[in-house]
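The values are calculated or read from the model by the stated rules, or taken from the named source; none is laboratory data. Keep in mind the model is a prediction, meaning the values are calculated, not measured. Cβ atoms come from the backbone with ideal geometry, glycine included; neighbour counts cover every protein chain shown. Accessible surface is based on the protein model in full, side chains and every heavy atom, while ligands, DNA and RNA are left aside. Shrake-Rupley method; radii C 1.70, N 1.55, O 1.52, S 1.80 Å.
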Amino acid sequence: MGDYRGFWVFIEQLQGRVSDVGLELLGKARELADATNTYVGALLLGDFSKAKAKELISYGADKVYLFSHEKLATYHSLAYTKLVCQAVTQEKPEALFIGATPLGANLAPRVAAQLETGLSAHCVDLRLGEDGILEQIVPGFGGTMMAVIICPEKRPQMATVMPGVFPKPEPQDRQGEVISMAVEITEKDLVPRVVEFKAKEQKTVALDGASVVVCGGYGMGSKENWQLLEELARLLGGAVGATRPAVDEGWAPEEVMIGQSGKIVHPKLYIGAGVSGIMHHVVGVQDSEIIVVINKDPNAPFFQVCDFGVVGDATQVLPAFIGKLKERQKRACDFLSIETPQMNEGPYSPDSKGDSQ
Amino acid sequence: MKVVVFCKSVPDTETRVRLKDNRLDKSEIKYILNPYDEYAVEEAVRMKEGGKAEEVIAISMGPERAKEALRSALAIGADRGILIKDDALDGSDTYVTAKVLVKALEKDGLEYGMLLFGQQAIDGDTWHVPGQVAEMLGLPQTGSIIKLEVDPDGGKAVANRMVEGGEEVHEMALPCVVTCRKGLNEPRYPSLPNIMKAKKKPIQEYSVSDLGFSAEDVGKAGALTEVLSYALPPQKEAGKKVEGEPEEVAQALLQYLKEEIKVI
């Protein structure tokens, strides 16, 4: 595959703001490119100036391919697919990474189908094999195994990766170039047409950037018991997440689902309550600094990977634990002669770090 | 207008693993219609009931057991099924799957107005087949919708989808592809008479050669991706484990968080 060189990243933007996942992927692409002495390309589509595009160089891009057009400010699958495919066909990168976001789940398969190349989904790691081939690591067999996927004969090698899988690189003073690409699109490409956007307030505390995550699984048993998680999260200044079975039961909204196709979190402290530890979920939390698991089944697989395991019914252990936390807080407040706060922000509240985004 | 719903037979491991005598009971892994596909089937059937669709066709690629998934779709109210079944399909990746599904639609001579998918399958969880099918057919597509209004006479569909910070409303000309998720509708439980009726509804079967493919075009041989190897997930040294009365274990946990790792 001698003709194909360079690791490319599709840079997702929503309403003119570049999403972190693109920057995270630039960091990974930089690492892979350095190892093989090639370059990193960033594909940016939107209504952007060259100066804005230049910012991507500091995150690791050598070349930024900028498709700037006011009509590209909003994602249209046909237009985006067409332009991305054009750039790839012209420049021949060996790999193209796209965020596994709703937008990416729409764009990546279309691009792969048009280019007739292979595509892997929700990779948890990307590395190079001995022959320089890209090894794409995805959980397989219901998550009991990790599968190493390759795309042996087609280029570019394409993979989607969830936000949060790779760390966001620190911006550095680097050299690179912005290449303005011709945008040839017609009304026919601006499909589907976005006719309306209804802004909605988000009720749940953002899991992204939360330092403490309290996650409930099927073992929580009911929506009423879910309150325990909310209370614990409040006491610890954290956010509440859920496993897929808990979401399926309607105890929590899909937006807070943690796992391979949900959110990837890496808090300082993760507490899984009534969570058995199916791999689909574990891949979403395994980079947490401390993993605590509460489950009544002593053989739950989660106990194999946690730092502290509590064998017990979460619906009984949590009230006891919450009681003790409150007691401790009250003692601390008595000591300092202050009123017991209604809601303790906790040492790891997202606010204490400033901008949690 | 004819509506096609794509159905996948998936292992029901995600929600049916229950505790039995304090152990995980895995004895009864059974296969079901992918839950996300149920929303798609339900939506298509409602279109028919609302006079917007004349026929609902459920299509699946998979082994013999995929017939059961199709029967579930037929019990909800789909009119007929198409099953692409062949040993040669084993090991197909999403590209091959999309290619085969597209060919089957062609073979059937279907003049469809809409193609409906579940946004993801709970086993493979790639989310990719709908986009690949849409691209191969050159159709517009929107995903993860929570509301759908179809105007067959006006030749368009309007779909609402959740995005970061709100809801987006998409308009597309027919035919088009949409993927469905929770919140779009509440799939019905099929009644016993409808389950019985579903057994009599026709399921057209195609083999790989019926679709004009050779064995090399599909399955592992035709896939563009390949599984190089399997590895066990990274093992971490198992940590401490405590057992006992709720009060005791809660105290141990508090102690651990406070004194050993000092996070509270």
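Given the DSSP H assignment, sum -39500 (n - 2.57) over each helix run of at least 4 residues in the protein assembly as shown and divide by its residue total; what's the result at 222 nm in deg cm²/dmol, nearest 500?
Numbers: 16 runs with 175 residues, N = 621.
Estimated from H runs of four or more residues: -8500 deg cm²/dmol.
Restricting to bridges with both residues inside chain A, how much of the DSSP beta-bridge set is antiparallel, in percent to the nearest 5?
Details: 11 of 57 bridges.
Counting DSSP beta bridges with both partners in chain A, the antiparallel share is about 20 percent.
Rolling a 1.4 Å probe over the protein heavy atoms gives the range A:1-81 an accessible area of 37 Å² per residue.
For the range A:36-112 versus the range B:72-89, the inter-centroid distance based on Cα atoms is 38 Å.
Ordering of B:201-208, A:18-25, A:293-300 by packing is A:18-25, A:293-300, B:201-208, highest average first (other Cβ atoms within 10 Å, averaged per residue).
Taking the three principal axes of the alpha carbon atoms in the range B:134-264, the coordinate ranges are 68, 42, 39 Å, sorted in descending order. What do you get for GluC sites (Glu not before Pro) in the range A:69-162 restricted to DSSP loop and a cutoff of at most 16 other Cβ within 10 Å of the site's Cβ? Hits after loop and neighbour filter: A:116, A:130, A:153. The residues of the range A:161-302 have, on average, 43 Å² of accessible surface per residue, using a 1.4 Å probe with all protein chains present.
Before we go on, tell me the buried accessible area for the A/B pair, both chains summed, 1.4 Å probe, in Å² to the nearest 100.
Working: alone 18390 and 15810 Å², together 26630 Å².
Using a 1.4 Å probe, the pair buries roughly 7600 Å².
Helices meeting the span-like rule in chain B (full DSSP H runs, Cα extent of at least 27 Å along the helix axis, mean Kyte-Doolittle score of -0.5 or higher) are absent.
How big is the C-alpha Rg of chain A next to the rule-of-thumb value 2.2 N^0.38 Å, as a ratio? Kindly include the intermediate steps, with their values, before the conclusion.
Values: Rg = 22.6 Å, N = 357, 2.2 N^0.38 = 20.5 Å.
Taking the Cα Rg and dividing by 2.2 N^0.38 Å, one obtains 1.10.
Computed from Cα positions, the angle between helix A:77-91 and the longest principal axis of chain A comes to roughly 60 degrees.
When a/c reaches 1.5 or more, the comparison of a/b and b/c decides; with that in mind, is the protein assembly as shown rounded, prolate or oblate per its Cα gyration tensor? In terms of gyration-tensor shape, oblate.
Report the calculated FRET efficiency for residue A:227 and residue B:90 (r = Cβ-Cβ distance, R0 = 51 Å), to the nearest 0.05. All intermediate terms of the calculation are to be shown ahead of the outcome.
On the way: r = 47 Å, r/R0 = 0.92.
So, using R0 = 51 Å, E works out to roughly 0.60.
Within a 10 angstrom radius of each residue's Cβ in B:177-186, how many Cβ atoms of other chains show up on average? Whole number is fine. Display every interim value, and only then the final one.
On the way: counts 1, 1, 3, 0, 1, 5, 2, 0, 0, 0.
Per-residue shielding by partner chains comes out at 1.
Using only atoms on other chains, find how many Cβ atoms lie within 10 Å of each Cβ of peptide B:138-145 and report the average. Could you put the intermediate results ahead of the total?
Values: counts 2, 2, 7, 8, 6, 5, 4, 0.
The mean count of partner-chain Cβ atoms within 10 Å per residue comes to 4.
For the peptides A:272-280, A:309-317, the ranking by packing is A:272-280, A:309-317, with the highest mean count of neighbouring Cβ atoms within 10 Å listed first.
Note on the range A:7-190: Cα convex hull, mean projected area over all directions, 10.2 nm². Amide H to amide H distances under 5 Å link residue B:32 with B:10, B:12, where only residues 5 or more positions off or on other chains count and H is placed in the peptide plane. Expressed as a whole percent, the accessible area of the protein assembly as shown that falls on carbon and sulfur atoms is 48 (1.4 Å probe). Going from the chain on its own to the full set of protein chains, the range B:68-113 has these residues losing 40 Å² or more of accessible surface (heavy atoms, 1.4 Å probe, no ligands, DNA or RNA): B:95. Less than 5 angstrom separates the built amide H of residue B:92 from those of B:219, B:220, all sequence-distant by 5 or more or on a different chain.
Within the range A:101-141, the residues that become at least 30 Å² less accessible when every protein chain is included than when their own chain is isolated (1.4 Å probe; DNA, RNA and ligands ignored) are A:102, A:105, A:106, A:109, A:110, A:113, A:116, A:119, A:121, A:122, A:141. Residues whose amide H falls under 5 Å from that of residue A:177, counting only those 5 or more places apart or on a different chain, are A:63, A:64, with hydrogens built in the peptide plane. What chain B shows is 45 Å² of accessible area per residue, with the surface traced by a 1.4 Å probe over protein heavy atoms. When all protein chains stay in place and ligands, DNA and RNA are ignored, the 1.4 Å accessible-area order of B:184, A:45, largest first, is B:184, A:45. Over the range A:212-337, all Cα pairs binned in 5 Å intervals from 0 give whole-percent P(r) values of 2, 12, 22, 25, 20, 10, 4, 3, 1, 0, listed from short to long.
Peptide A:302-308 is shielded by partner chain Cβ atoms: per residue, an average of 6 of them sit within 10 Å of its Cβ. Our Cα-only numbers for the range B:2-222 put the radius of gyration and Dmax at 17.2, 58 Å.
For the range A:215-257, the gyration tensor built on C-alpha atoms gives an oblate shape. Its axis ratio a/c (a ≥ b ≥ c) is at least 1.5, and a/b is not larger than b/c.
Using a 10 Å cut-off on Cβ atoms, rank the peptides B:124-133, A:243-252 from the highest mean neighbour count down. Please list the in-between numbers first.
On the way: B:124-133: 25.9, A:243-252: 21.9.
Highest mean packing first, the order is B:124-133, A:243-252.
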